[in-house]
């Protein structure tokens, strides 16, 4: 029942009743949120599944549509608020915007010079945020495909980007072992966090020593300037870069 390969992505369904996971074992699995019981498995892929987004009827388990056109692995997916377009980021250095109803590729965005690893969409769906192994973050107009801004400051690949609910603050995690918080409208970096600066500037509220039974890993819970990023988990293991980020605003 369980996955037999590494799990690459998870999400919770909009009704908060199910968890969806994807894995290198080439499957997508559905789990009951309350009981942990597996309730379904999709087995249509012929290689590992890197990312997931809810775009189909999960109850039937049937393959709805196949979107073909990328020449590399699909690293990230996003769905517009209306549900009419699917956005994909690939190791082929491109982002594609697809018509969900026809599987037609509407636009290809190709200004990154290396793999595109991560995507985020503004709450109203008017802008796409992408992070790449070329160490840049780009902000695109969803309708025109125009690159409106390029954010520079990281010195290595961007692993993850996330937006707050108002869409005016962006957090990025990089292989350079830093996290940056950005003003989306101005394209300016508001804050850079790394293990050394975090340890100096912020008093940890909660510590979890011996995480995964190793003395080398320590997670800390930081309160960071209210209104920008309320809570942030950060690893102090110096040779690990942040792979995934999210906002919590309360």
Taking 0.36 nm per residue of separation and subtracting the Cα-Cα distance, what length does fully extending residue 110 through residue 73 add? 11.8 nm
The extension gain from residue 147 to residue 189, computed as 0.36 nm times the residue separation minus the Cα-Cα distance, is 13.3 nm
Would you mind calculating the gained length between residue 45 and residue 15 on full extension (0.36 nm times residue separation, minus the Cα-Cα distance), in nm to one decimal? 8.2 nm
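Say R0 is 41 Å: what FRET efficiency, to the nearest 0.05, do residue 65 and residue 155 get from their beta-carbon distance? Could you put the intermediate results ahead of the total?
On the way: r = 39 Å, r/R0 = 0.96.
That pair, residue 65 with residue 155, gives E of 0.55.
Quick note: the coordinates plus some simple rules give every number you see, no bench work behind them. The model shown is predicted, which means the values in this text are computed figures rather than measured ones. Using ideal geometry, Cβ is built from the backbone for each residue, glycine included, and neighbour counts are taken over all protein chains shown.
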